[in-house]
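Okay, structure first, notes after.
The values are calculated or read from the model by the stated rules, or taken from the named source; none is laboratory data. For clarity, every value in this text was computed on a predicted model and none was experimentally measured. For neighbour counting, all protein chains shown are included, and Cβ atoms are generated from backbone atoms with ideal geometry for every residue, glycine included. In case anyone asks, the SASA skips ligands and DNA or RNA and just uses the protein heavy atoms, side chains included. Shrake-Rupley method; radii C 1.70, N 1.55, O 1.52, S 1.80 Å.
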Amino acid sequence: MTWLLDDLDGDQATPDAVTVDEELLAGLNPQQREAVLYRGPALLIVAGAGSGKTSVLTRRIAGLIASREAWPSQILAITFTNKAAAEMRGRIRELVGSDADGMWISTFHSACVRILRRQAEVMGLKQGFTIYDTADSRALLKRILKELDADTLGFSVAGVANRISKLKNELTDVDLFARQVNMDDPKESAFLELFRRYTQGLRRANALDFDDLIAETVYLFRAFPDVAALYQRRFRHVLVDEYQDTNAAQYALIRELVRPVAPEHVPLDTRMRVGADGGIPAATLTVVGDSDQSIYAFRGADMRNIVEFEQDFPQAKVVLLEQNYRSTQNILDAANAVIGNNFDRVAKNLFTTGGAGERIVGYTGYSAHDEAQFVADEIEALKKAGETYDDVAVFVRTNAQTRPLEEIFIRSAIPYRIPGGTKFYERAEIKDAMAYLIQIANPDDDLALRRVMNVPRRGIGPATEAALQAHAERTGQTLRDAMRDAASLGLGAKVTGAILDLAKLLDDVAATAATAAPADILNTLLQQTGYLAGLRASGDAQDEARAENLEELVAQTREFRRQTPEGNLVDFLTGVALFAAADEIDDEDGSVSIMTLHTAKGLEYDAVFLTGVEEELLPHRISSGEPGGIAEERRLFYVGITRARKRLYVSLSMTRSLFGEPSVAMPSRFLQEIPASLIDWKQSPGDAAGRNAMRPRAVTSREGGRPKFSYSTSFPSDRPKKEWTSAVTATVRDNGDLTLAVGDRIRHTDFGEGRVTDVTGTGSKSIAEVQFDTAGRKRLLIKIAPIEKL
DNA sequence: GACCTTGGGTTTTTT
DNA sequence: ACCCAAGGTC
């Protein structure tokens with residue numbers, strides 16, 4: 001879509017009394033109605049989970065259009081993910097038709113890229129600038145740290161990256177930081193140098209990182225009031241969803257957008273209503289959010305933005321939505337009870353008229369695989385009862401938890417997807433292909449070129465690269481330019497030829513880039529470099545998979561062109577850079593979704609499994625030490641609970657592998673915050689951990705020979721499923737103070753007899769390595785493994 | 001310059 | 001358990 005900014009100033013009728021079609025208000029409760037109908041400079045909609053905020057937001061926008069208070073082009077709606085934006089646009093379209101297409105409905109990042117691409121030159125950037133993701137930023141930082149030998153000062157790539165990110169989110173750029181920094185502190189001045197070089201590196205590569213996208217837009221508006229005025233005039237109604245998760249930079253951006261337009265920036269021929277001073281009044285601001293669902297403090301989100309909204313905008317109106325249309329009362333009671341433990345919050349009580357519903361089901365597994373088996377079995381039971389896989393989701397706190405779930409799901413033949421987990425665009429071969437494309441779109445991006453200079457192998461190794469780099473620096477050229485001079489560098493004939501060939505290929509393709517379809521560009525590159533053919537020819541199954549991934553990427557570029565026929569290479573690259581985990585959720589593909597709690601925000605499912613509800617995991621041990629960390633973890637738990645419509649399951653495991661080492665896990669403190677009467681424990685932590693509790697357990701059966709996986713600290717989980725859910729299940733036991741020494745013979749319920757070959761760890765975490773006579777070598781947690789000393 | 005082995009560090013969450 | 005960097009060998 002193209003936007004002709006200068007044609008956008010239109011009439012703005014502002015009736016005092018809003019007359020909105022009753023049809024638009026159908027089914028809304030009084031608070032929701034008020035949120036749709038209120039007219040004023042600022043509105044805060046405090047929307048509890050499941051309180052119908054999207055309905056309110058879409059109808060509010062539709063109302064503005066229907067009543068002719070606004071043109072579609074005067075609407076700017078900011079959502080949290082691209083998927084949410086697409087959904088919102090769809091729902092608005094249902095209400096007002098194709099007018100929806102004229103609105104800006106996008107994420108902060110997408111909106112900023114759009115603005116920055118238009119105004120790139122003003123900011124000293126070229127239009128095709130690259131957007132660096134976290135990995136790209138770190139790759140750049142890594143080079144810089146190496147150059148400066150900064151790791152000797154105790155700097156780590158991740159540490160520096162995080163600090164820079166934080167500074168940018170607070171709108172502190174290098175110059176500002178340089179003025180604040182204590183230069184007497186050698187570490188601080190060293191950090192300044194790192195920050196400076198990183199900033200220069202991005203600049204030279206004509207690149208921006210994620211944080212820059214927001215910050216640079218703010219700087220753009222502040223440095224060029226006439227540019228800011230374009231957007232201030234244009235966007236008369238700014239609406240922001242998930243406002244509790246905005247950071248300082250995003251807040252500043254909103255403030256810039258809703259500033260009144262000074263008279264000198266009002267065109268003489270404007271058709272817009274001007275104030276007494278000849279200026280144009282500020283756009284109206286509507287924000288929607290719920291401080292109880294603020295879960296992004298780690299990336300700078302500041303709850304104060306929503307909590308202090310009324311101080312920020314003194315004339316603001318606040319509407320509170322507490323009636324929940326999503327979950328059963330049992331689920332809401334649990335959610336209310338849990339979040340009630342966070343002090344310092346505005347009391348809010350979710351309620352429904354929909355009835356109590358089922359009790360929450362709890363389960364304590366012996367191992368993560370055992371827990372996963374419970375999840376799988378319950379999902380099968382739900383499926384039998386008529387639920388579809390699409391309406392079921394499994395939540396985890398960390399990405400690492402998905403593995404056992406995946407393994408069991410595969411074995412149970414449950415179709416699943418892991419939005420954000422596939423990391424398609426993070427695979428090496430995809431990053432390589434993308435680097436070629438980036439280098440075409442942005443020849444200044446040395447980092448992208450360096451990545452593929454020797455991919456596929458063409459004999460351009462580190463030494464040759466260094467020579468080119470040195471030449472580039474000497475002559476002030478880009479690496480790409482330097483390649484064309486390769487003949488003058490006294491390199492070997494073979495390597496010189498390889499460099500010139502690559503330079504020519506890139507130049508030839510670049511010449512077509514302005515008009516060619518991304519798919520054709522990519523195809524040419526993959527063919528001419530021989531990358532694809534090389535993978536196909538290697539005979540390695542992994543390489544074959546890589547080749548298929550590249551084909552998939554080509555297919556995606558085709559699909560991109562189909563959806564946006566005029567989309568060029570830069571548009572495609574932008575789309576990929578801003579593609580988020582939640583965007584790949586397809587709620588009709590017939591599979592169960594496994595995702596992190598963060599990804600789950602904003603979604604809802606009939607049945608939700610909250611797994612790994614253990615101390616150290618939820619709350620995560622790293623956040624426990626941070627101020628406000630526990631409260632944020634509790635909000636995360638709360639977000640998880642409130643995603644469930646009808647059924648909620650909470651599960652945990654007695655053991656959890658950490659860095660590959662099995663260790664004992666304790667039930668999360670959050671479990672105790674749910675009233676006991678609400679949970680129906682199939683196996684409670686008490687049952688599982690009881691001293692010397694020895695339960696009958698299902699007889700192990702191994703149909704079909706060797707199991708695909710074997711778990712040293714778990715029972716084989718391929719026993720018949722019916723037996724598993726109905727009967728009293730796992731043996732869970734406690735061997736008390738049992739100690740083992742190297743050489744001891746033991747008997748294991750599943751693995752038979754064996755000899756202890758090593759003992760590591762202490763106390764409840766001590767682990768025996770056992771060579772079994774028939775089952776091979778296993779590592780066992782001595783305290784709870786089903787073993788006895790012989 | 002490519003390939004292999006080894007050892008250390010590492011995971012919270014993400015646009 | 002896994003990923004990556006470094007160092008050794010061909």
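Descriptive notes on the structure:
- By average C-beta atoms within 10 angstrom, highest first, the peptides A:251-259, A:564-572: A:251-259, A:564-572
- Trypsin sites (Lys or Arg not before Pro) restricted to the range A:391-438 and DSSP loop, no more than 13 other C-beta within 10 Å: A:Lys423
- Rounded to the nearest 20 debye, the dipole size of the range A:613-666 about its Cα centre is 520 debye, using +1 on the Cβ of Lys and Arg and -1 on the Cβ of Asp and Glu.
- Cα-based reach from A:Lys494 at 13 Å (exclusive), listing aspartates and glutamates while leaving out same-chain residues under 8 positions away: none
- Above-threshold pairs, the threshold being 27 Å between Cα atoms, out of A:Lys83/A:Lys146; A:Lys423/A:Lys601; A:Lys348/A:Lys601; A:Lys601/A:Lys646; A:Lys83/A:Lys384: A:Lys83/A:Lys146; A:Lys83/A:Lys384
- Ellipticity estimate at 222 nm from DSSP helix runs (n ≥ 4, -39,500 (n - 2.57)) divided over chain A, nearest 500: -12500 deg cm²/dmol
- Sequence of A:Ile622, A:Ile339 when ordered by accessible area, the most exposed leading, probe 1.4 angstrom: A:Ile622, A:Ile339
- Put the Cα centre of the range A:592-625 next to the Cα centre of the range A:554-590 and the gap is 27 Å.
- Virtual spin-label span in nm between A:Asp540 and A:Asp277, 7 Å along Cα→Cβ: 6.6 nm
- Total formal charge among the other residues, if their Cβ is under 12 angstrom from that of A:Lys504, Lys/Arg +1 and Asp/Glu -1: -1
- Computed FRET value (nearest 0.05) for A:Glu193 with A:Gln469, which takes r as the C-beta separation and R₀ as 35 Å: 0.95
- DSSP-loop trypsin sites (Lys or Arg not before Pro) across the range A:42-77, with at most 15 other Cβ within 10 angstrom: A:Arg68
- Annotation: for a label point projected 7 angstrom from Cα along Cα→Cβ of A:Glu426, residues of the range A:379-399 with backbone N closer than 11 Å are A:399.
- A dipole drawn for chain A from +1 and -1 charges on Cβ atoms has a positive end, and of A:Tyr243, A:Gly602, A:Gln672 the residue lying farthest that way is A:Gln672.
- A straight Cα-to-Cα reach below 20 Å connects A:Lys783 with the lysines A:Lys765, residues fewer than 8 places away in its own chain not being considered.
- Cα-centred dipole magnitude for the range A:238-327, charges only on beta-carbon of K, R (+1) and D, E (-1), debye, nearest 20: 220 debye
- Net charge, A:Gly625 excluded, C-beta distance under 14 Å - Lys, Arg +1, Asp, Glu -1: -4
- Calculated FRET efficiency for the pair A:Ala510/A:Glu551, C-beta based, R₀ 22 Å, to 0.05: 0.40
- Solvent-accessible surface of protein heavy atoms, probed at 1.4 angstrom with all chains present, puts A:Lys126, A:Lys317 in the order A:Lys126, A:Lys317, largest first.
- Listed by chain and number, the aspartates and glutamates whose C-alpha is less than 16 Å from the C-alpha of A:Lys126, apart from same-chain residues fewer than 8 away, are A:Asp209, A:Asp212, A:Glu216, A:Asp444, A:Asp445, A:Asp446, A:Asp571.
- Cβ charges +1 (Lys, Arg) and -1 (Asp, Glu), total dipole of chain A, debye: 1420 debye
- Cα-based shape type of the range A:440-538, given that a ≥ b ≥ c are square roots of the gyration tensor eigenvalues and the cut on a/c is 1.5: oblate
- Rounded, prolate or oblate (a/c below 1.5 giving rounded, otherwise prolate when a/b exceeds b/c) for chain A by Cα gyration tensor: oblate
- Gyration tensor (alpha-carbon) shape descriptor, the range A:40-102, a/c threshold 1.5: oblate
- For chain A, the relative contact order is 14 percent, taking Cα pairs closer than 8 Å that sit 6 or more residues apart in sequence and dividing their mean separation by the residue count.
- Of the residues A:Leu781, A:Val227, A:Asn336, the one whose Cα sits farthest towards the positive end of the charge dipole of chain A is A:Leu781 (charges of +1 on Lys and Arg Cβ, -1 on Asp and Glu Cβ, taken about the Cα centre).
- Each label was represented as a point 7 Å from its Cα along the Cα-to-Cβ direction; for A:Asp586 and A:Arg403 these points are 2.8 nm apart.
- Additional length obtainable on full extension of the chain from A:Ser98 to A:Thr757, 0.36 nm per residue less Cα span: 230.1 nm
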